[in-house]
Amino acid sequence: MARSRTSKFDAPDAITNELIRIIERGVLPWRKQWTAGGSARPLRHNSEPYQGVNNFLLTMRTVMAGYTSPFWMTVPQANTLGAKIRKGERSSVVVYYGQSRTYSDDEQDTNDGDTEEARVFRFQKSYRVFNADQIEGLPDGFYPDACPVPDHPPSAPIPHMQTFFDAIDVTTIFGGTEARYNPPVDKVFMPSIERFKNPLNFYGVWAHELAHATKAPHRLNRDYGLSRFGNTAYSREEIVAELTSCFLGQELGFTAHTLELNASYLYHWLRVLRSDKTAIFKHAADAQKACDYLIARSEAGRAGATDQAA
């Protein structure tokens, strides 16, 4: 008699299919302005912010579920804190990247003939977490008070955001109605802030275009192949720019934004996700690198300006 087997959980497939179903409904939930307990980023139980694809996934789930706590943890972590998951609550899947070493004595060292060669294997594992709102018995610190949402004058610069972007050493030309990065001249072209009723959208678009600029060979040298409007390479780069704007916006206080959100833009996401179940993991990692790069360049620019002033 054949023994029944339980199929192994495929995290990339499950996560990607969930994301496809959400986008097919015509929404990008990570674009909704939000904070949970005063934090714009999901946090581990030890207050460490999630990064990359886990940041993206838990941001999306926080928004969709309306959680008011930024904290996420596993069942054992909750139990250690004397708490327990409420009955009927569903977990969220996140991923963990690691590496292991194996040794082979096929090739021997010419000196002593006894040295083993180490080989590194990278792997991805998944685990499940719950938001603090799904857990009872946690200390009060896991339910911080919400911060008031700042009120920004329409069509006017937001000082800390403007200072951040001005310090990045990528030339931006303002004027016209289009937003784009032009690789041959290595410049970003942006409409002026006066064209945006909501200045947060201005910075969201600027972040998107600066994200494209990070792909240049003298920066992060990101290349998905020959890019033409609407092809797969173009779509992959658009996903990276969207996620970079999302991550950078969490740091500064805006959300990802583009001048158009239409069926064509959503199709960029769907064509890539449907053809490659690992795409969101790759592109979230590339977006995190782009976000970190822009933060570093802004910090360097501001530090240089301070030195010159001194």
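Each value in this text was obtained by applying a stated rule to the coordinates, not by laboratory testing. In this text, all values refer to a predicted model and were calculated from it rather than measured experimentally. All Cβ positions, even for glycine, are placed from backbone atoms using ideal geometry, and neighbour counts span all protein chains on display.
Note on segment 149-310: Cα convex hull, mean projected area over all directions, 10.3 nm².
Exposure proxy ranking for 89, 238, 251, 178, based on other Cβ atoms within 10 angstrom of each Cβ and starting from the fewest, stands as 178, 89, 251, 238. Between residue 180 and residue 149, residue separation times 0.36 nm minus the direct Cα-Cα distance comes to 8.2 nm.
Grab the DSSP H runs of the chain that are 4 residues or longer, score each as -39,500 (n - 2.57), total them, divide by all residues and round the 222 nm result to the nearest 500 deg cm²/dmol. Rounded to the nearest 500, it is -13000 deg cm²/dmol. Computed from the C-beta positions of residue 226 and residue 18 and an R0 of 25 Å, the FRET efficiency is 0.20 to the nearest 0.05.
Free of any chymotrypsin sites (Phe, Trp or Tyr not before Pro) that DSSP assigns to a loop and that have at most 16 other C-beta atoms within 10 Å, the longest stretch within the chain is 10-228.
State the Kirkwood hydrodynamic radius of segment 139-208 in Å, one decimal place, computed from all pairs of distinct Cα atoms.
Answer for segment 139-208: a Kirkwood hydrodynamic radius of 14.0 Å.
Using a Gaussian network model of the chain whose springs link C-alpha atoms within less than 10 Å, name the residue from 186, 292, 151 with the highest mean-square fluctuation. Maximum fluctuation in the GNM of the chain, among the listed residues, is at 151. Here the extension length gained between residue 218 and residue 47 equals 58.1 nm, from 0.36 nm per residue of separation less the Cα-Cα distance. For segment 6-82, the relative contact order comes to 30 percent (Cα pairs under 8 Å, sequence separation of at least 6).
Here the gap between residue 75 and residue 33, fully extended at 0.36 nm per residue and compared with their Cα-Cα distance, gives a gain of 12.2 nm.
Calculated on the alpha-carbon coordinates, the convex hull of the chain measures out at 256 cubic angstrom per residue. Sorting the Cα pairs of segment 229-273 by distance into bins of 5 Å, from 0 upward, gives 5, 22, 29, 22, 14, 6, 1 percent per bin. Using C-alpha pairs below 8 Å separated by at least 6 residues, the relative contact order for the chain is 19 percent.
Here is what passes the span test in the chain: the DSSP H helices with alpha carbon length of 24 Å or more along the helix axis and a Kyte-Doolittle mean of -1.0 or above are 232-252, 279-309. Structure remark: mean-square fluctuation, Gaussian network model of the chain, C-alpha springs under 10 Å; the largest value among 300, 256, 132 belongs to 300.
Mean separation of Cα pairs under 8 Å and 6 or more residues apart, divided by the residue count, gives segment 149-310 a relative contact order of 24 percent.
Using the Cβ-Cβ distance between residue 295 and residue 89 with R0 set to 30 Å, the FRET efficiency works out to roughly 0.30.
For the cross-link pairs 187/282; 125/282; 32/84, the ones whose C-alpha atoms lie over 18 Å apart are 187/282; 32/84. Largest mean-square fluctuation among 179, 216, 287, in a Gaussian network model of the chain whose springs join Cα atoms under 10 Å apart, belongs to 216.
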